[in-house]
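Each remark here refers to the structure printed beneath this line.
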């Protein structure tokens, strides 16, 4: 099955448990339609670059999935209909990276950039 990565942004006035409940809800939607969630991360409340629906912050969640396209389309459809979800981004990838995402790594653990001149 194809591999996907999803980023969900939920409203800022949700509690942490409600935001993590959204992750579980969309994980069950994927599993009910023949897919599976390989890994999920809750990134917490982050400030956005611009307002979305009059919100400056949002709860960010990251999902790595192995699912057929029909399951992904159903999850995206339900996410767009859900009142608490502001944005969904889905990317098809060739392989999942091992370990935590760049958002969860500490700054000193990340790859060093080249120096500017």
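The values are calculated or read from the model by the stated rules, or taken from the named source; none is laboratory data. Just so it is clear, the model here is predicted, and its values are computed rather than measured. Cβ placement follows ideal geometry from the backbone for every residue including glycine, while neighbour counts extend to all protein chains displayed.
Sort through 28, 17, 47 and tell me the only one that's touching a strand residue (DSSP E or B) at 6+ places or on another chain (Cβ under 8 Å), surrounded by fewer than 16 Cβ atoms within 10 Å (Cβ to Cβ) and free of Cβ contacts under 8 Å to residues at least 24 places away in the same chain.
Working: 28 fails: touching a strand residue (DSSP E or B) at 6+ places or on another chain (Cβ under 8 Å); 17 fails: touching a strand residue (DSSP E or B) at 6+ places or on another chain (Cβ under 8 Å).
Checking each option against the conditions leaves just 47.
Please tell me if residue 26 is modelled with pLDDT of 90 or more and assigned to a strand (DSSP E or B). Criteria not met by residue 26. Summed over the stretch 1-10, the residues that are modelled with pLDDT of 90 or more and surrounded by fewer than 20 Cβ atoms within 10 Å (Cβ to Cβ) give a count of 3. The listed residues are 79, 71, 102, and the only one of them that is at pLDDT 90 or above and within 15 Å of the chain's Cα centre (by Cα) turns out to be 79. Of all residues in the stretch 44-68, those that are modelled with pLDDT of 90 or more and closer than 26 Å to residue 95 by Cα total 10.
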